[in-house]
Amino acid sequence: MLKRVLTPRPAFRLLGCLRRTFLSEAYTCQEAWQSRLTTPVLAKVDHEALYYELEQKFHQKAKVSAIDVDIYANKLIDDSHIEEAADIMHKFRLTEETSNALDSTQHAIVRNYVEHSHYSELIELLNNRIGYGIFLDDYTANLTLDRLVTTNEFKWAARIATLLGLQEDFAHPITRSLATYACYRYVQSGEISDFEDIAPKVVEAPVEDKKKKKEEIKVRVKFIRNPYFDDHFDLTSSKLLLGKTFYTLGLQSGAIVGNSCKLLGLVLYEKYAEALKFVEACKNVEISGEMVELAKTFLGKVEVKEDESYLKLSEILGTANGSGMKLADGSFEKLLLDDVNKSIADNEKQQIEDQIKTYSRWCDLRQQRLEEELARLHRVKRIQEMEKMARDMEQEEQKLWFFENEDKIDLQIDSKKVYYPKRWFGKKKKPRTVDEGYVPPEVRQRHSQQ
């Protein structure tokens, strides 16, 4: 007897349907985004064939056009070509055509990674800015942060915020509020681990026998650069990155949120002298009591404590209630959530309208660039055909007028001959003169004895 088994729907799909997001469903502009696939440029493209064609161009000519890469990126509809897309972007970055890259290319890559939850791969691309040339705009930054925050992936969201902090661009209110909330939720636990999940995997070298003497390899260099640390792009510690991001967010925020982010940011950034000056100047402004407690927590975990600024700052924060600082009561998280909801309510509708127009403009630009590329290829082909025709006519002319121009042709042949100079083997020595009447001494001696 056969039983009918009902297959339950996967749990993650049910959770995905019930997942609450800060941004509305209309913010994804899904209909406008999918409409790109119906345009004449993308409708007739075979994605697999285009990939192999790009690979052949990379291997044979080491050059592809920006429009071909853009078409390939915008044709992505699932996550089956995640690695291939990254490889194409890396190879394209090494060509001179990368300066002509379209904005829609990196937008399509980022959106595809986010929609299919490939967060670690996305952050690896964003972290290697030189190798891939992919950056987040305001819209994709908001989509990514909203997805990560609402799925409780606060570590990934904080990492996205630090990457935006390196660009020092939190001008959009939604991006600024979501980034602040993501960073706060990540450091709220008091433990900040390194972003080891996105670091490239290091293959451990085999252990060598210590008894064997290692061969010393010397490399000749023109000059040795002096060590330089720019205190910005050279930052690798997650704590310092979060501190700089908090401080940058604080500069662009107002009231309690801005002051609280500045204080915590300077503490995490280990700028104790600047933090001390900031605290001493904040006697008439309000700072969140929760952020002060977080700052005290991280100060207590510092190993080196001989700095005078550090000691004085710890003393002031330890007696914050009696030091003249105005500590604001209430939940700091609630303040951030209110800021997020307000920024979305004020800016979401306008950004949706602008993004729909951007998608339409990108489709028109893609069609225009494709026509320009086809015209360029046609022009190159016509020039090659004309050059070949001119060579054929010249050869035919030589055949028809050979006897009339025989002397001229001979002169041309002689002019093409290469005459190499004679080699000099040094000054020639004069040959020795031979005396025919010379008799060796031994012969004379024998003659005298006889």
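Return a whole-number percent for the relative contact order of the stretch 44-183, with Cα pairs under 8 Å and 6 or more residues apart as the contact set.
Numbers: 134 pairs, mean separation 26.4, N = 140.
19 percent.
If Lys and Arg each add +1 and Asp and Glu each add -1, what is the summed charge of the other residues whose beta carbon sits under 14 Å from the beta carbon of T105?
Numbers: positive: R36, K75, K91, R93, R111, R366, R369; negative: D68, D70, E97, D103, D137.
Taking every Cβ under 14 Å from that of T105, the sum is +2.
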(message) Just to be sure I understand, if you calculate percent of Cα pairs over 29 Å apart for this structure, which of (1) 66; (2) 74; (3) 54 do you get?
(response) (1)
(message) If you roll a 1.4 angstrom probe over the protein chains with everything in place, what fraction of the accessible area of the chain belongs to carbon and sulfur, to the nearest %?
(response) 53
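Calculate the FRET efficiency for D103 and E306 from the Cβ-Cβ distance with a Förster distance of 60 Å, rounded to the nearest 0.05. The partial results should precede the final answer.
Values: r = 50 Å, r/R0 = 0.84.
Here the calculated transfer efficiency is 0.75.
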(message) Given the options Y51, Y247, T28, identify the residue whose Cα lies farthest towards the positive end of the charge dipole of the chain (+1 on Cβ of Lys, Arg; -1 on Cβ of Asp, Glu).
(response) Y51
(request) Identify, among V302, A161, A328, the residue whose Cα sits farthest towards the positive end of the charge dipole of the chain, taking +1 on the Cβ of Lys and Arg and -1 on the Cβ of Asp and Glu, with the dipole about the Cα centre. (result) V302
(request) Quick one: which residues, 5+ away or cross-chain, put their amide H under 5 Å from the amide H of K326? H built at 1.01 Å from N. (result) V285, I287
(request) For the chain, build the charge dipole from Cβ charges (+1 Lys, Arg; -1 Asp, Glu) around the Cα centre, then report which of A62, G437, H378 sits farthest towards its positive end. (result) G437
(message) Going by average Cβ density within 10 Å per residue, which order do the peptides 222-234, 143-155 take, highest to lowest?
(response) 143-155, 222-234
(request) Might you report the magnitude of the Cβ-based charge dipole of the stretch 287-434 about its Cα centre, with Lys and Arg at +1 and Asp and Glu at -1, to the nearest 20 debye? (result) 2140
(message) Using the crude model of +1 on Lys and Arg Cβ and -1 on Asp and Glu Cβ, and no other charge, please compute the dipole size for the chain relative to its Cα centre, in debye to 20.
(response) 2080
(request) Kindly count the pairs of lysines across the stretch 308-381 whose alpha carbons are less than 23 Å apart, treating pairs on different chains or eight or more residues apart as eligible. (result) 4
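Between beta-carbons, use under 13 Å as the cut-off and find the net charge around Y269, counting Lys and Arg +1, Asp and Glu -1. Let's see the in-between values first.
Details: positive: K239, K244, K262, K271; negative: D231, E270, E274.
Combined, the nearby Lys, Arg, Asp and Glu give +1.
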(message) I want to verify a result. In a Gaussian network model of the chain, Cα cutoff 10 Å, which of these has the top mean-square fluctuation: V114, V187, V380?
(response) V380
(message) Order 80-87, 289-296, 382-389 from most to least packed using the mean count of other Cβ atoms within 10 Å.
(response) 289-296, 80-87, 382-389
(message) Within 12 Å, Cβ to Cβ, of D414, how many net charges do the neighbouring residues add up to if Lys/Arg are +1 and Asp/Glu are -1?
(response) +1
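Any idea what the relative contact order of the chain is, in percent, if you count C-alpha pairs under 8 Å spaced at least 6 apart? List each step's numbers first, then the result.
Numbers: 376 pairs, mean separation 63.8, N = 450.
Relative contact order comes out at 14 percent.
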(request) Counting only heavy atoms of the protein chains, get the accessible area per residue of the chain (1.4 Å probe) and round it to a whole Å² value. (result) 68
(message) Relative contact order for the stretch 222-314: what percent, with Cα pairs under 8 Å and sequence separation of 6 or more?
(response) 25
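The values are calculated or read from the model by the stated rules, or taken from the named source; none is laboratory data. Nothing here was measured: the structure is a model prediction, and the numbers come from that model. FYI the Cβ positions are ideal-geometry reconstructions off the backbone, even for glycines, and counts take in every protein chain you see. For accessibility, only protein heavy atoms count, side chains too; no ligands or nucleic acids. Shrake-Rupley method; radii C 1.70, N 1.55, O 1.52, S 1.80 Å.
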